[in-house]
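What follows is a single structure, written as structure tokens, with notes after it.
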Amino acid sequence: MSAWNKSLDAAGIDEPRSRGDYGAQRKLVARYKPTSYLAARLLLPPRLLPHVVAATAVMHHGDNLLDSGPRAERLVAWTSWEKRVREGLETGASDDPLIRALVHTVAAHPRLGRALEEYLGTATAELEFSGFATETDYQAYVDAYSLPAFMLVGVLLGPESDSASSGGFRAACRTLIDGSQRLDFVNDLAEDRREGRLGISAEALDRFSVPAGDLVPGGEPTGMRALVGHEVALSRAALETARDLPALKAGPGGALLTTVAGIELLTAEAVLARGPRLLTGSASPSPVRALRLLLRARRRSPKDA
């Protein structure tokens, strides 16, 4: 029997259609985030893996709806999706395999329902995002969108009580996602520039004398390398702090969360090395180093829970 089928058994997902629903989300997540999926498969208790995969698929689908296409089209798509999710939660039924898997996971882990309600209520902040004037604006975005989105998965990884969505664990997740989101914005500079909404604040651009209009492929504006170094340093500080926080390690997903922070730190190294070339494309961590990190974490982690 495959490891995936064993995890479905451990999670009590027995009905063939439900197993197929979760399997479809596994394929999506493994294709979208192969390193993250491998980390989850290696480090999570089998009983949690299908549910974390489903929550991750929901987060990814929501990101796509909120971030792809003209704003008016994104609003229509999101509104329709939100309505279908709420109907699925109310009736327990849906014609969408993703929503069916989500409904099943919420039933198995009711605290996800509370995180989902927060996410649905704040996700449209992404629709309004057009860039940041200041660091304060960036931090408000993390609170309004990035953290609620992350907590769809986070509540399943933390302490198995209501404290998973509040208190020390949530604060630790907030530190982690601050570092990760900032790193994403620096790494996605080329894509965000094409879309006309930078994730680096105008305040930071001004500080390093980098005009937004000079952020063009092949260019190297004065101050660009220093700007990247500054943003990566802030990201690293948050990621290192989060990685070492006992609260982040308190739940069954602690090994995964600290490993995710480690992979992000490898990505930060790659981003810093790429420097001004980020204007032509993003950077990725060394696959060999990422795999070594995963294997070390696997050796240290419990085999199951």
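The values are calculated or read from the model by the stated rules, or taken from the named source; none is laboratory data. A quick note: this is a predicted structure, and the numbers were derived from the prediction, not measured. With ideal geometry, Cβ positions are generated from the backbone for all residues, glycine too; neighbour counts draw on all protein chains shown. Only protein heavy atoms, including side chains, enter the accessible area calculation; ligands, DNA and RNA are left aside. Shrake-Rupley method; radii C 1.70, N 1.55, O 1.52, S 1.80 Å.
Things to note:
- Boolean, Ser7 is open to solvent by less than 40 Å² (accessible area, probe 1.4 Å), out of contact with any Ser or Thr (no Cβ under 9 Å at 6 or more places or on another chain) and without any contact (Cβ under 8 Å) to a residue 60 or more places away in the chain: yes
- Candidates Glu195, Glu203 - the one that is touching a residue at least 60 places away in the same chain (Cβ under 8 Å) and open to solvent by 70 Å² or more (accessible area, probe 1.4 Å): Glu203
- Any hit, segment 137-144, residues being aliphatic (A, V, I, L, M) and under 22 Å from Ser68 (Cβ atoms): yes
- Residue count, segment 92-147 (criterion: open to solvent by less than 20 Å² (accessible area, probe 1.4 Å), closer than 28 Å to Arg47 by Cβ and hydroxyl-bearing (Ser, Thr, Tyr)): 3
- Residue in segment 151-170 that is closer than 27 Å to Glu73 by Cα, without any contact (Cβ under 8 Å) to a residue 40 or more places away in the chain and surrounded by fewer than 19 Cβ atoms within 10 Å (Cβ to Cβ) present: no
- Among the criteria (1) out of contact with any Lys or Arg (no Cβ under 9 Å at 6 or more places or on another chain); (2) modelled with pLDDT under 95; (3) part of a helix (DSSP H, G or I), the one Met1 does not fulfil is (3).
- Looking only at segment 11-27, and only at residues there that are in a helix (DSSP H, G or I) and in contact (Cβ under 8 Å) with a residue 60 or more places away in the chain, the one that is nearest to the chain's Cα centre (by Cα): Gln25
- Segments classed as helices (runs of 4 or more DSSP H), wholly inside segment 48-136, with at least 2 members that are at pLDDT below 95: 49-67, 71-91, 111-122, 125-128
- Top-ranked residue in segment 62-77 [being surrounded by fewer than 19 Cβ atoms within 10 Å (Cβ to Cβ) and touching a helix residue (DSSP H, G or I) at 6+ places or on another chain (Cβ under 8 Å); ranked as nearest to Ala108 (Cα to Cα)]: Asp63
This table checks each residue for (1) over 18 Å from the mean Cα position of the chain (by Cα); (2) hydroxyl-bearing (Ser, Thr, Tyr).
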{"residue": "Pro50", "(1), (2)": "no, no"}
{"residue": "Arg84", "(1), (2)": "yes, no"}
{"residue": "Glu87", "(1), (2)": "yes, no"}
{"residue": "Glu90", "(1), (2)": "yes, no"}
{"residue": "Tyr141", "(1), (2)": "no, yes"}
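- Segment 104-141, residues that are in contact with a Ser or Thr (Cβ under 7 Å, 6 or more places away or on another chain), within 22 Å of Ala57 (Cα to Cα) and among the aliphatic types (A, V, I, L, M): Leu112, Ala115
- Selection within segment 207-227 - acidic (Asp, Glu) and open to solvent by 80 Å² or more (accessible area, probe 1.4 Å): Glu220
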